[in-house]
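First up is the structure itself, then whatever we jot down about it.
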Amino acid sequence: MTMTHKKCLAMAELIVKLYRNNQLKRDEMTHDQLVTIITRKGRRLQIRQNVVHVEVVSEIINKIRVFKHIEFADPILVIEDDEGYFLVNGNHTAHALEQVIKNGKIVPGLKTAPIAIISNELLPSDIADRNEVLKLVATIMNRVEKVVRGMTKGDIKDMIKVDLIDGKKIDDAEYQQVLADAAQVEESTIRELVSKVKQDSLTAILNQKHKHYQYTVAELNTLKANREDIRTEVTWAVVTPDKTYETLGKAIGNMIERDCTKAHVLFHFKNYEDVKDLKVKTENRIAQFMQHCTAKLTYEFLPCQVEI
């Protein structure tokens, strides 16, 4: 980036202000163009974990069905490039209007969707700066969409993770302040999420260094099936710092429900660090539990380095 985060935020806020005041160039988008921006990879900006919530799209369609017009819906915010339109904000509206136009009966005669276009003059020439401004535009817009599913902490955390991968200084105070302002959350929340992203990165590095194996659900279910018989109920669970007793109780409950005589628990470690931090504590909790348990209960820790 050649621009400061604050400068990018200022440009983003100007664009949003022009959009809200209906001062951006307006046009219409055809059904084919709508299909392109919502289905073709790389033709929309994604700042949230879940790109489309079906219930939000349904809510927009139902309002259109009732009122027989689309005036209540904000124009889809786009930029133009060599490949056509690129969606910056309004993904739910784009999906809803694509379905309405395709249906043909909800609003008879509707062939196009309204769009607002961010001109190149409002954006930096540098690609990295431009992407940062657009990301901030979308973040700000998600405060006030008429029908919106707001950003979650997980969404913001994913954004920070992408920025870390892109080489941005996520520890920088200005970066954190700008992101907090754009998402309208406390700076302490951003600091917390930055810390989590950094910890996740360290965890991933340690997993790779020590070749720690992470089991899939399918693999765990296969291991469960291989150990189960008519007398034994098998339960699998990830080792956690606070749910050992809950897991053991669940295993016994499953045993009773299946009318078995033995319960067996497959424990697996999600990350390498957990083996050192949690294995002995978990064994101690199991020993304490067994002092008060009359059911036949066994367990094992799945190997952390395996070839499946």
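Along the Cα→Cβ direction, 7 angstrom out, place labels at Gln177 and Asn120. What is the inter-label distance in nm?
It works out to 3.4 nm between the two label points.
Please give the helix 217-227 orientation as an angle from the longest Cα principal axis of the chain, in degrees from 0 to 90, rounded to the nearest 10.
That helix lies at roughly 20 degrees to the long axis.
Taking R0 as 22 Å, what FRET efficiency do you get between Ile165 and Ala218 from their Cβ-Cβ distance, rounded to the nearest 0.05?
Numbers: r = 28 Å, r/R0 = 1.28.
Approximately 0.20, to the nearest 0.05.
Taking θ as phi - 60°, what are the ³J(HN,Hα) couplings along the stretch 74-81 by the Karplus curve (6.51, -1.76, 1.60), each to the nearest whole Hz, with x for Gly and Pro?
5, x, 5, 8, 9, 10, 10, 9
Given a Förster distance of 45 angstrom, what is the FRET efficiency for Lys111 paired with Lys6, based on the Cβ-Cβ distance and rounded to 0.05?
Working: r = 42 Å, r/R0 = 0.94.
Computed FRET efficiency for Lys111 and Lys6 comes out at 0.60.
Where in the chain lies the longest segment free of GluC sites (Glu not before Pro) that are both loop residues by DSSP (not H, G, I, E, B) and have at most 15 other Cβ atoms within 10 Å?
Numbers: sites that count: Glu71, Glu83, Glu186, Glu228, Glu307.
The reported range is 84-185.
Using only Cα atoms, tell me the angle between helix 127-141 and the longest principal axis of the chain; keep it within 0 to 90° and round to the nearest 10.
That works out to roughly 80 degrees.
On a full-extension model of 0.36 nm per residue, what is the gain between Val185 and Ala287, subtracting their alpha-carbon distance, rounded to one decimal in nm?
Full-extension gain reported as 32.3 nm.
For the pairs Lys153/Lys279; Lys157/Lys279; Lys6/Lys169, flag any whose C-alpha to C-alpha distance is greater than 23 Å.
Listed pairs above 23 Å: Lys153/Lys279; Lys157/Lys279.
Would you pull out the residues with amide H under 5 Å of Ile76's amide H, same chain only if 5 or more places away, H placed 1.01 Å from N?
Hits under the 5 Å cutoff: Ile115, Ala116.
Measure nothing fancy, just the Cα-based angle from helix 272-291's long axis to the longest principal axis of the chain, in degrees from 0 to 90, nearest 10.
For helix 272-291, the angle is close to 50 degrees.
Calculate the FRET efficiency for Lys209 and Leu18 from the Cβ-Cβ distance with a Förster distance of 35 Å, rounded to the nearest 0.05.
It comes out at approximately 0.10.
Name the long-range amide H neighbours of Lys296: under 5 Å, sequence gap of 5 or more, or other chain; modelled H, no Pro or chain starts.
Answer set, sorted by chain and number: Ala263.
Spelling out what I want: for every residue of the stretch 16-30, take phi, set θ = phi - 60°, compute 6.51 cos²θ - 1.76 cosθ + 1.60 (Karplus), and round to whole Hz; glycine and proline get x.
5, 4, 4, 4, 5, 8, 6, 9, 8, 4, 10, 7, 10, 10, 6
Taking Cα pairs under 8 Å and at least six residues apart, what relative contact order does the chain come out at, in percent?
Relative CO of the chain lands at 16 percent.
Read the figures in this text as sums done on the coordinates, not as results from a lab. If you're wondering where the values come from, they're calculated on a predicted model, not measured in any experiment. Positions of Cβ are backbone-derived with ideal geometry, glycine not excepted, and every protein chain shown enters the neighbour counts.
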